[in-house]
Amino acid sequence: MTLNRKPPPPAAGRILDAQLHLMDRQVLDVDAVPVTTVDDLELTDVDPNAEIPPGSPAPVIISLLTGPALGTRIFGGRPPSRRLVRIPWTDVSDVSVVIRLGVSGEHLDAGWVQRWVRDKIIARIPGGDHDPG
């Protein structure tokens, strides 16, 4: 007995497994400078507590989220939305072993901690204000 099954529709873009391809990946800016890591994703009109019904269109990524997620991973729950920094998906230029941005990370809010440590702590260490190369 053969079943007449329709082939699945072609995908409009690249299909990514969020856990495999995006979560906990390092984000590099256009100059290959580390910016942050991905802690969560913001998707189009998806209730985080509901399952996506079969046959419905796949959600689309709006932005990468980064912020204080370690405590919630250990103790459960979700960090408040206002504490998460959003990197627009339109700024992403490549997804591979790392996520590359097409913009400089110097002006992104995601890298403010690294910039503060660099400017306030590392720069004050003798020899810390120049490249050792």
Please count how many residues of the stretch 25-72 are out of contact with any Ser or Thr (no Cβ under 6 Å at 6 or more places or on another chain) and assigned to a loop (DSSP other than H, G, I, E, B).
23
Among the residues of the stretch 73-92, how many are assigned to a loop (DSSP other than H, G, I, E, B) and surrounded by fewer than 17 Cβ atoms within 10 Å (Cβ to Cβ)?
4
Selection count, the stretch 56-97, where residues are of a type in the set (Phe, Trp, Tyr) and at positive phi:
0
State yes or no: is residue 24 modelled with pLDDT of 80 or more, exposed (fewer than 15 other Cβ atoms within 10 Å of the Cβ) and on the phi > 0 side of the Ramachandran plot?
yes
Please tell me if residue 63 is under 20 Å from residue 26 (Cβ atoms) and not aromatic (Phe, Trp, Tyr).
yes
Among the numbered criteria (1) over 28 Å from residue 31 (Cβ atoms); (2) at pLDDT 80 or above; (3) of a type in the set (Asp, Glu), which one does residue 91 miss?
(1)
Under 6 Å between Cβ atoms, which residue pairs at least 6 apart in sequence (or on different chains) link something in the stretch 49-69 that is farther than 15 Å from residue 19 by Cβ with a partner that is hydrophobic (A, V, I, L, M, F, W, C) and part of a loop (DSSP other than H, G, I, E, B)?
67/84
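The values are calculated or read from the model by the stated rules, or taken from the named source; none is laboratory data. This is a predicted model, so every value here is computed, not measured. Don't worry about glycine lacking a Cβ; one is built from the backbone with ideal geometry, like all the others, and counts go over all protein chains shown.
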